[in-house]
Structures are given as C-alpha cells and as structure tokens.
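Asker: Please find one structure pasted underneath; my questions will follow.
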Amino acid sequence: MIQLMDIREVDCTRCKLSRHAEGAICRLGEGPEPASVMVVGRMPNGRKMQEQLEQELADVGLDLTDVYFASALKCLNFDQNASNADVKACRYFLEHEIAVVKPKFILALGNEALLSVLGKSGITKYRGRPYEAHGATVV
C-alpha cells in the first residue's frame, strides 16, 4: 500500500518552480487519509490564505475534519508563472494523493487544479458542472 510520505521527492526538479521555491520543495497536502472531500488549489497555501479558505469552507457547512487540502503545483513560488507543463509535471504527486485519500468529492479551485485533476483547461467553460474522475465527483 502506497503512503504519501513514500512519494514525496525532497529534491524534486520536475517543474521550474522548484528552483526558487519558498520553503520545502514538493509539498504534499494536509488532512485526514482517507477524507470525503479533497480541495485542490493552485499551489500550497501560506498560513493566512489557508485560514481564510478553511473559514470559507466552514461557513458553507463543510466539516473540516473530513477535508484534505492539496495543490496542483507542489512548490510555493510567487516569482515564476507556472506553465501547463509545470502542472503536468506535478500531476504525478496529486494522482497519488487522490489514490491514498480516496475522496468522494474533489473541489478544484482554479485552472491549474482543473488541469491537474481532469486534464482540462479553461476554467470558465467547466465551472459549476460536476465531472467524474478518480472515483470522485469533481466540481
């Protein structure tokens, strides 16, 4: 059985964001394994952004003890724009996270998350419609 700690690459160079990452390279998500809900954002959140996201999710009634937070890009880097190739390079890690966490629902926040989870680009075209992927309903 695969565990998340087994897939993290602390010296990862799959995408260009790793070259000047803020903090740890190849950050995997956080939360319970398994979890009913996985929230996938663009890149790892800073503390303040994570607190805001958690508050918004709690305000709409999600039980945060059953939510796993992940990202399409695994390195925090505000100085470089991520390309689709960077997202695809990090997709390997997200796919393993999904396999371990086994969410029933995946909330994809933004185009990078959509590309990583569904392999589709153009968030406005797909926004608000459910899709099935990875054994979960993706919104």
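The values are calculated or read from the model by the stated rules, or taken from the named source; none is laboratory data. Predicted, not measured: the structure shown is a model, and the values here were computed from it. Note: ideal-geometry Cβ built from the backbone for every residue, glycine included; neighbour counts use all protein chains shown. These area figures cover heavy atoms from the full protein model, side chains too; ligands, DNA and RNA do not enter into them. Shrake-Rupley method; radii C 1.70, N 1.55, O 1.52, S 1.80 Å.
Asker: So, taking all protein chains as they sit and a 1.4 Å probe, how much accessible area belongs to Asp79, in Å² rounded to tens?
Answerer: Around 130 Å² of this residue is reachable by solvent.
Asker: Okay, moving on. Sorted by accessible area (1.4 Å probe), largest first, how do Ser18, Ser121 line up?
Answerer: Numbers: Ser18 10, Ser121 55 Å².
From most exposed to least exposed: Ser121, Ser18.
Asker: Sketch the reach of a paramagnetic label on Met5 as a point 7 Å from Cα along Cα-to-Cβ, and name the residues of segment 25-45 whose backbone nitrogen lies under 19 Å away.
Answerer: 25-35, by backbone N distance to the label point.
Asker: With every protein chain left in place, what is the accessible area of Glu112 in Å² (1.4 Å probe, nearest 10)?
Answerer: For Glu112, the solvent-accessible surface is approximately 40 Å².
Asker: Let me ask something else about it. I want the local charge near Tyr131. Using Cβ-Cβ distances under 13 Å, sum +1 for each Lys or Arg and -1 for each Asp or Glu among the other residues.
Answerer: Numbers: positive: Lys120, Lys125, Arg127, Arg129; negative: Glu132.
It works out to a net charge of +3.
Asker: Sort out for me the Cα centre separation of segment 9-67 from segment 69-85, rounded to whole Å.
Answerer: Their Cα centres are 11 Å away from one another.
Asker: Within segment 1-135, what whole-number % of the accessible surface is contributed by carbon and sulfur, with the 1.4 Å probe and all protein chains included in the calculation? Before the final figure, lay out the partial values.
Answerer: Numbers: 3910 of 7660 Å².
Carbon and sulfur: 51 percent of the exposed surface of segment 1-135.
Asker: Follow-up. In square angstrom, rounded to the nearest 10, how much accessible surface does Thr124 have for a 1.4 Å probe?
Answerer: Spelled out: Thr124, probe radius 1.4 Å, area about 100 Å².
Asker: For the chain, just give the cysteines left without a disulfide-compatible partner, judged by no other Cys Cβ under 4.7 Å.
Answerer: Cys15, Cys75, Cys90
Asker: Which residue fluctuates most in the GNM of the chain (Cα springs below 10 Å): Gly41, Gly31, Gly61?
Answerer: Gly61
Asker: Something else now. Counting heavy atoms of the protein chains only and a 1.4 Å probe, report the per residue accessible area for segment 20-94 as a whole number of Å². Show your work: numbers first, answer last.
Answerer: On the way: 3940 Å² over 75 residues.
Dividing the accessible area of segment 20-94 by its residue count gives 53 Å².
Asker: I've got another one for you. Can you show me the helix-derived [θ] at 222 nm for the chain, built from DSSP H runs with n ≥ 4 at -39,500 (n - 2.57) apiece and divided by the number of residues, rounded to the nearest 500.
Answerer: -9500 deg cm²/dmol
Asker: Can you tell me what share of the DSSP beta bridges in segment 2-139 is antiparallel? A percent to the nearest 5 is fine. Before the final figure, lay out each step's value.
Answerer: Values: 4 of 15 bridges.
Roughly 25 percent of the DSSP beta bridges within segment 2-139 come out antiparallel.
Asker: When only the heavy atoms of the protein chains count and the probe is 1.4 Å, how do Asp66, Asp59 rank by accessible area, highest first? Let's see the in-between values first.
Answerer: On the way: Asp66 50, Asp59 110 Å².
Order by accessible area, largest first: Asp59, Asp66.
Asker: Can you tell me the 0 to 90 degree angle between the C-alpha axis of helix 84-101 and the longest principal axis of the chain, rounded to 10?
Answerer: Computed tilt is about 50 degrees.
Asker: What's the long-distance tail for the chain, i.e. % of Cα pairs beyond 22 Å? Don't skip to the end; give the middle numbers.
Answerer: Working: 3189 of 9591 pairs.
Taking all Cα-Cα pairs of the chain, the fraction more than 22 Å apart is 33 percent.
Asker: Rounding to the nearest 10 and keeping the result within 0 to 90°, find how far the Cα-based axis of helix 47-59 lies from the longest principal axis of the chain.
Answerer: Tilt of helix 47-59: around 10 degrees.
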